[in-house]
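A.B. asks: Here you go, one structure.
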Amino acid sequence: LIQSFPKGFLWSASTSAYQFEGAYLEDGKALSIVDVNINSKFADTSITSDHYHRLEEDVSLMKELGLKAYRFSISWPRVLPKGRGPINEKGFAFYDRLIALLKQHDIEPIVTLYHFDLPLALQEEYGGWGNRQIVEDFEYYVRTVMRRYANDIKYWLTINEQSNMFLLPYLLEFDPKIDKQKQKYQMNHYMTLAHAKAVMACRELCPKAKIGPALGVSPNYPLTSNPKDILASRYADDFRTYFFLDLYVKGVYRDSVLNYLKEHDIEPDIHEQDMLLIKEAKSDFIALNYYQSSTVKYTQAQESKEIVVNDEGKKGSTQSEVLAGYYEVVDNPHLEKNDWDWYIDPIGLRITLKDIHERYQLPLMITENGIGVIEELSGTLELNDDYRIDYYQSHLEQCLYAINEGVELIAYSPWSFMDLLSTTSGFRKRYGFVYVDRSDEDLRTLDRYKKKSFYWYQSVINQNRII
Ligand code: BG6
């Protein structure tokens, strides 16, 4: 195995606005749907890691880590508090400073345009992603951002985890009067159009830049060699991964999913021009968020079930998804999992990279990968997160195998640069290379401490190889 990564490989780390910035009502920012809908069970969402007030210190840490790139998201309600209309100059000023600092330190910004944080104003006004109006408003937001940063940004990510917004029950708001499945597929259609509008805006406003989606992916293994389980695994791949990638890359609705939508009478409202736009707006690369694999078996269940997420960190409390007649998600006896029932499966990453490369023939980026753990500083203010080093080491090794076998992997951006608010579980579930001194209940000093993995990643970047 060749140990080195390609020349110019983008060693990065990731965050997202609502999980990292804090200042959720400061300098003219308005609330987003995630500010109010999730996590309040564990920690309030107003301060998070206080990055907004510690920008210089945090970028210095990125520089010290040796990052070649940094993935962050722009908060739509920070720059356009009402979702459209007048811009909030103070909100933009924050991103102006961030981008200037990154450039000053030769860190390439990788910008996510949408990371779950729809302006609450648009949800209240017309139902957010449930209304076709969202496509126009998203385009206005994207064009506003792209015009401002046309010369600064080489890599744009459109929508974070369209697939998971779909899968997880709490990232979107639904109208209780309409069938939920029908709404989900309709919202998905509008998101796909919004993504396509962003791609076209990029072609026009930032012709030298590259743009693509950031999808949450897991391979779906069959539980046994029973052909019914094999079929279940293929369908799970269709519904959870290829459905989205076929739309982004090929511009088509996958037949198996379309058939399901027709049979259940939940086809979205698709206009003829929609498909022309979606087809025209081809992505330049595919960005993947990979945490774990999934295992499925055939099911005779008559009723589908949504996943019930284990947000407390009590092992074994996840209630898995069932798609009636197609598949049921089950335990994998061959893999270890963390307290939140997330499987640790580095080989699954190689399988995913190879598979997506072979199907879509596009450059790939890993925009999230990591392990969430409950952690506390020791008495000497150290944190020996060897488990995180092992996790990254083993996943990077699989990336190298994939690269050696022809996968064009251009970036690795683990989750997360620093501890931040977890989407499911507040501050107790930590992912960072840098520890933030706070808990769910107590803000403490919010000071930053480098974990052992920080120094490990620093050497990896420095040597451009796993060590
Ligand atoms: C991804 C999201 O789903 O996984 C992040 O893009 C999220 O926003 C990350 O935080 C880890 O998930 P969690 O629930 O453990 O924070």
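The values are calculated or read from the model by the stated rules, or taken from the named source; none is laboratory data. Please read all numbers here as calculations on a predicted model, not as lab measurements. Note: ideal-geometry Cβ built from the backbone for every residue, glycine included; neighbour counts use all protein chains shown. Side chains included, ligands, DNA and RNA excluded: accessible areas come from the protein's heavy atoms. Shrake-Rupley method; radii C 1.70, N 1.55, O 1.52, S 1.80 Å.
A.B. asks: For the range 300-365, what is the accessible area per residue in Å², given a 1.4 Å probe and the full set of protein chains?
C.D. replies: In whole numbers, the range 300-365 has 54 Å² accessible per residue.
A.B. asks: For the range 11-124, what is the charge dipole size about the Cα centre, in debye to the nearest 20, if Lys and Arg each add +1 at the Cβ and Asp and Glu each add -1 at the Cβ?
C.D. replies: 280 debye
A.B. asks: Another question, if that's okay. Considering lysine pairs in the range 56-204 that are 8 or more places apart or on different chains, how many have Cα atoms under 21 Å apart?
C.D. replies: Lysine pair count for the range 56-204: 10.
A.B. asks: What translational diffusion coefficient, to the nearest whole µm²/s, does the range 130-228 have by Stokes-Einstein, given a Kirkwood radius computed over alpha-carbon pairs, a temperature of 20 °C and 1.002 mPa s viscosity?
C.D. replies: Details: Rh = 15.4 Å.
The calculation lands on 139 µm²/s.
A.B. asks: Quick one: net charge of Thr367's neighbours, Cβ under 11 Å, K/R +1, D/E -1?
C.D. replies: It works out to a net charge of -1.
A.B. asks: Quick one: which of 199-210, 157-168 comes out on top by average Cβ neighbours within 10 Å, and what's the full order, highest first?
C.D. replies: Details: 199-210: 16.9, 157-168: 22.2.
Result, highest mean Cβ count within 10 Å first: 157-168, 199-210.
A.B. asks: Out of the total accessible area of the range 30-92 (probe 1.4 Å, heavy atoms of protein only), what percent is carbon and sulfur?
C.D. replies: Heavy-atom surface of the range 30-92 belonging to carbon and sulfur, 1.4 Å probe: 55 percent.
A.B. asks: Put +1 on the Cβ of every Lys and Arg and -1 on every Asp and Glu Cβ in the chain; which of Phe5, Ile356, Thr224 then has its Cα farthest towards the positive end of the dipole?
C.D. replies: Result: Phe5, furthest along the dipole toward the positive end.
A.B. asks: Between rounded, prolate and oblate, where does the range 1-131 land on the alpha carbon gyration tensor, with a ≥ b ≥ c its root eigenvalues, rounded for a/c under 1.5, else prolate if a/b exceeds b/c?
C.D. replies: Working: a/c = 1.97, a/b = 1.79, b/c = 1.10.
Cα axes put the range 1-131 in the prolate bin.
A.B. asks: Kindly provide the pair-distance distribution of the range 200-268 built from C-alpha pairs, with 10 Å bins from 0 and whole-percent values in order of increasing distance.
C.D. replies: Over the range 200-268, the share of Cα pairs per 10 Å bin runs 18, 35, 29, 13, 5, 0 percent.
A.B. asks: Apply the membrane-span-like helix rule to the chain: whole DSSP H runs, Cα extent along the own long axis of at least 18 Å, mean Kyte-Doolittle hydropathy at least 0.0. List the helices found. Don't skip to the end; give the middle numbers.
C.D. replies: Values: long enough: 89-104 (22 Å, 0.04); 133-149 (25 Å, -0.61); 180-205 (37 Å, -0.77); 346-360 (21 Å, -0.40); 386-404 (27 Å, -0.73).
Span-like helices in the chain: 89-104.
A.B. asks: Separate question: Step by step: find N for the range 315-467, compute 2.2 N^0.38 Å, then divide the Cα radius of gyration by it. What's the final number?
C.D. replies: For the range 315-467, the normalised Cα radius of gyration comes out at 1.17.
A.B. asks: In addition: Which residues' amide hydrogens lie under 5 Å from the amide hydrogen of Val296, considering only partners 5 or more residues apart or on another chain, with H built in the peptide plane?
C.D. replies: Residues meeting the criterion, in which the H sits 1.01 Å from N, are Tyr221, Leu223, Val330.
A.B. asks: Taking θ as phi - 60°, what are the ³J(HN,Hα) couplings along the range 409-426 by the Karplus curve (6.51, -1.76, 1.60), each to the nearest whole Hz, with x for Gly and Pro?
C.D. replies: With coefficients 6.51, -1.76 and 1.60, one gets 9, 10, 8, 10, 10, x, 9, 9, 4, 9, 4, 8, 5, 6, 5, 9, 9, x Hz.
A.B. asks: For the range 215-222, what does the Karplus curve 6.51 cos²θ - 1.76 cosθ + 1.60, with θ = phi - 60°, yield as ³J(HN,Hα) per residue in whole Hz, taken in order and with x for Gly and Pro?
C.D. replies: Using θ = phi - 60°, the values come out as 9, x, 10, 9, x, 10, 7, x Hz.
A.B. asks: Out of every Cα pair in the range 42-112, what percent are spaced more than 16 Å from each other?
C.D. replies: Cα-Cα pairs of the range 42-112 separated by over 16 Å account for 54 percent.
A.B. asks: Hey, what D do you get for the range 331-375 in µm²/s if you plug the Kirkwood alpha-carbon radius into Stokes-Einstein at 20 °C and 1.002 mPa s?
C.D. replies: Stokes-Einstein gives a translational diffusion coefficient of 172 µm²/s.
A.B. asks: Taking a quarter of the surface of the Cα convex hull of the range 1-55, what do you get in nm²?
C.D. replies: Average projection, Cα convex hull of the range 1-55: 6.7 nm².
A.B. asks: Turning to a different aspect of this structure: Please give every one of the aspartates and glutamates within straight-line cross-link reach of Lys315, meaning a C-alpha to C-alpha distance under 14 Å, and leave out same-chain neighbours fewer than 8 residues apart.
C.D. replies: Straight-line reach from Lys315, under 14 Å: Asp331, Glu336, Asp339, Asp341.
A.B. asks: What accessible area per residue, rounded to a whole number of Å², is obtained for the range 147-280 using a probe radius of 1.4 Å?
C.D. replies: Details: 5840 Å² over 134 residues.
For the range 147-280, the solvent-accessible area averages 44 Å² per residue.
A.B. asks: Still on this model: Over the range 301-342, what per residue volume does the convex hull of the Cα atoms give, in whole Å³?
C.D. replies: Spread over its residues, the Cα hull of the range 301-342 gives 66 Å³ apiece.
A.B. asks: Return the long-range amide H neighbours of Glu108 (sequence gap of 5 or more, or a different chain), with a cut-off of under 5 Å between placed amide H atoms.
C.D. replies: Ala69, Tyr70
A.B. asks: Another question about this same structure. With no solvent and one point per C-alpha, what does the Debye sum give as log10 I(q)/I(0) for the range 210-318 at q = 0.19, 0.21, 0.22 Å⁻¹?
C.D. replies: Here log10 of I(q) over I(0) equals -1.18, -1.28, -1.32.
A.B. asks: Here is a further query. So how compact is the range 57-185: Cα radius of gyration and Dmax in angstrom?
C.D. replies: My reading of the Cα-based Rg and Dmax gives 16.5, 52 Å.
A.B. asks: For Ile159, which sequence-distant residues (separation of 5 or more, or a different chain) have an amide H within less than 5 Å of its own amide H, given hydrogens modelled in the peptide plane?
C.D. replies: Ala214
A.B. asks: Mean projection of the alpha-carbon convex hull of the range 354-411 over all orientations, in nm²?
C.D. replies: Projected over every direction and averaged, the Cα hull of the range 354-411 covers 4.9 nm².
A.B. asks: Then there's this: At 0.692 mPa s and 37 °C, plugging the Kirkwood radius over alpha-carbon pairs of the chain into Stokes-Einstein gives what diffusion coefficient in µm²/s?
C.D. replies: Details: Rh = 22.5 Å.
Roughly 146 µm²/s, to the nearest whole number.
A.B. asks: Which one, Leu55, Ile266, Ile286, projects farthest toward the positive side of the charge dipole computed for the chain from Cβ point charges (K/R +1, D/E -1)?
C.D. replies: Checking the options against the dipole of the chain, the answer is Ile286.
A.B. asks: Another question, if that's okay. What size of dipole, in debye to the nearest 20, comes out for the range 99-162 about its Cα centre when the only charges are +1 on Lys and Arg C-beta atoms and -1 on Asp and Glu C-beta atoms?
C.D. replies: Working: 6 positive and 10 negative charges, 57 e Å.
It comes to approximately 280 debye.
A.B. asks: Using only the alpha carbons of the range 277-387, determine the length spanned along each of the three principal axes and report them from longest to shortest in whole angstroms.
C.D. replies: Over the range 277-387, Cα extents along the principal axes are 57, 40, 28 Å.
A.B. asks: Leaving out ligands, DNA and RNA, and with a 1.4 Å probe, what % of the accessible surface on the range 103-161 is carbon or sulfur?
C.D. replies: Numbers: 800 of 2030 Å².
So the carbon and sulfur contribution to the accessible surface is 39 percent.
A.B. asks: Hey, another quick one. Give the peptides 266-274, 82-90, 132-140 in descending order of average Cβ contacts within 10 Å, highest first.
C.D. replies: The densest-packed peptide leads the list: 132-140, 82-90, 266-274.
A.B. asks: Give me the Kirkwood hydrodynamic radius of the range 243-307 in Å, from all C-alpha pairs, to one decimal place?
C.D. replies: 14.6 Å
A.B. asks: Tell me, what is the Rg over Rh of the range 425-467, with Rh the Kirkwood radius over Cα pairs?
C.D. replies: Working: Rg = 13.3 Å, Rh = 11.8 Å.
That ratio is 1.13, to two decimals.
A.B. asks: Quick check: net charge around Ile159, other residues with Cβ under 12 Å of its Cβ, Lys/Arg +1 and Asp/Glu -1?
C.D. replies: Numbers: positive: Lys197; negative: Asp117, Glu161.
Once all neighbours under 12 Å are counted, the net charge is -1.
A.B. asks: Using just the helices of the chain, give the 222 nm mean residue ellipticity in deg cm²/dmol: DSSP H runs with n ≥ 4 each add -39,500 (n - 2.57), and the total is spread over all residues, rounded to 500.
C.D. replies: -11000 deg cm²/dmol
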